[in-house]
Amino acid sequence: MLRALLVLIACIAALPAWAAETLVREEKKIAIQGVEETWQLVWEARPKPVCSTDDIETATACPCSGFAYSETGHLTLVRKRPGLETERLDLRSLFADTGIVTGPPMAVLSRWPVHPNDSARAGRDDRKLPGEIERRPATTAMRFAAYDRGARGTQFLIQVDAGPCGHTMYSAVGVTARNPHLHAIGSAANPNKPLVLPIKAWQALLAGPGTHTVVAWPCGDHGSESRTELTLAVVDEQITVKQRIYACTKNDQRGALTSESNE
């Protein structure tokens, strides 16, 4: 019996470093209604590299925009509250339309930050660079805010797609006054569908009360012949989003309205 116990202890001690360091990818404390909770981003199995340090020039190029030096796999948001059952939110479904990973939907989360000169150093075949990147402190994923303008900052953004350069898309997850359990934040028109917006749209929601309009896709951007605008507001702690698409003139100015929808 003693020998078996010693073997078990030795096996645990021999676990690879990732098991101790990245199974719980990130942990944050958050106070909700005066009660401190623990939120964790947890890999349910060892994640795989994507847009990795094996090919830094590709990782820092447009197709990997925002996803450079990332990991991919089964990622869960875990919420622990004193005296209550632990909540878990599987984040994989948010990535159903992400082209960065082939096969079944898998979450993608940045592991290490990109420095401005990484691409240039990779182009010079700097062999020290991959090791330096992997020694950088991990990126912070859970940056809490109140995108629905509730009194509590109980939501954070997760990048879920990388389109053409400069067109990264995000969803917000957390809890709201209308739904106090973990979920992907929806809009007033589609409360049960994760709202996917460019980063500048989410930032506009934090800019203050009132209505905000952002250009999601301008005329001429990557050859676009239309212009997409998003008008956002928060009404009764619900996000409203109206999308308007305009034709473009020959000199890439906004032309006639062609469609309008509530997102």
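A short reminder: the numbers here are calculations on the coordinates, not readings from a lab. Remember, it's a predicted structure, so these values are computed and weren't measured experimentally. Virtual Cβ from ideal backbone geometry, glycine too; neighbours counted across all protein chains shown.
With the crude spin-label approximation of a point 7 Å out along Cα→Cβ, what separation in nm comes out for Phe144 versus Lys48?
Each label point lies 7 Å from its Cα, and together they span 3.5 nm.
Provide the FRET efficiency to the nearest 0.05 for the Lys80-Arg124 pair, computing r from the beta carbons and using R0 = 45 Å.
The value I calculate is 0.45.
Give the angle, between 0 and 90 degrees and rounded to the nearest 10, that separates the Cα long axis of helix 2-13 from the longest principal axis of the Cα atoms of the chain.
So the helix axis and the longest Cα principal axis differ by about 30 degrees.
Show which lysines lie in cross-link reach of Lys242 when reach means a straight Cα distance below 19 angstrom and same-chain residues fewer than eight apart are skipped.
Within the straight-line limit of under 19 Å, Lys242 reaches these lysines: Lys193, Lys200.
Sticking with the crude label model, points 7 Å out along Cα→Cβ, report the distance from Leu206 to Arg135 in nm, one decimal please.
According to this spin-label approximation, the distance is 3.2 nm.
Can you list the residues of the stretch 155-169 with backbone N under 18 Å from a point 7 Å past the Cα of Arg178, pointing along Cα to Cβ?
Residues passing the 18 Å test: 155-156.
Of Asn251, Leu232, Val215, which is farthest on the positive side of the dipole of the stretch 208-263, counting Cα position, with +1 on Lys and Arg Cβ, -1 on Asp and Glu Cβ, and the Cα centre as origin?
In the stretch 208-263, that residue is Asn251.
Quick one: among Gly150, Gly99, Gly220, which has the greatest mean-square fluctuation in a GNM of the chain with alpha-carbon springs under 10 angstrom?
So, out of Gly150, Gly99, Gly220, the one fluctuating most is Gly220.
Using amide H atoms built in the peptide plane, which far-off residues or other-chain residues are under 5 Å from Glu26 H to H?
Leu41
So how strong a dipole does the chain carry about its Cα centre when Lys and Arg Cβ are +1 and Asp and Glu Cβ are -1, to the nearest 20 debye?
420 debye
Multiply the residue separation of Ile245 and Ser93 by 0.36 nm, subtract the distance between their alpha-carbon atoms, and state the gained length in nm to one decimal.
Additional length available on full extension: 52.0 nm.
How many Å³ per residue does the convex hull of the Cα positions in the stretch 208-263 occupy?
So the per-residue hull volume is 83 Å³.
At q = 0.15, 0.16 Å⁻¹, what is the log10 ratio I(q)/I(0) for the stretch 145-211, with the Debye formula run over Cα points and no solvent?
So the normalised log intensities work out to -0.46, -0.52.
³J(HN,Hα) across the stretch 95-111 via Karplus (A = 6.51, B = -1.76, C = 1.60, θ = phi - 60°), whole Hz, x for Gly/Pro?
So the Karplus estimates, Gly and Pro as x, are 9, 4, 9, 7, x, 6, 10, 8, x, x, x, 9, 5, 10, 9, 4, 9 Hz.
For the stretch 31-155, go through all pairs of different Cα atoms, get the mean of 1/r, take its inverse, and jot down that Kirkwood value in Å.
Taking the inverse mean of 1/r over all distinct Cα pairs, the stretch 31-155 comes out at 16.5 Å.
So which lysines pass the test for Lys28, namely a Cα distance under 24 Å, with those fewer than 8 places away in the same chain ruled out?
The reachable lysines, counting only those whose Cα sits under 24 Å from Lys28, are Lys48, Lys80.
Quick one: check the C-alpha center-to-center distance for the stretch 171-212 versus the stretch 92-107, whole angstrom.
Taking the Cα centre of the stretch 92-107 as reference, the centre of the stretch 171-212 is 21 Å away.
To two decimal places, what compactness ratio does the chain give when its Cα radius of gyration is scaled by 2.2 N^0.38 Å?
Against the compact-globule rule of thumb, the ratio is 1.16.
Springs between alpha-carbon atoms under 10 Å, Gaussian network over the chain: tell me which of Gly123, Gly73, Gly83 tops the mean-square fluctuations.
Gly83
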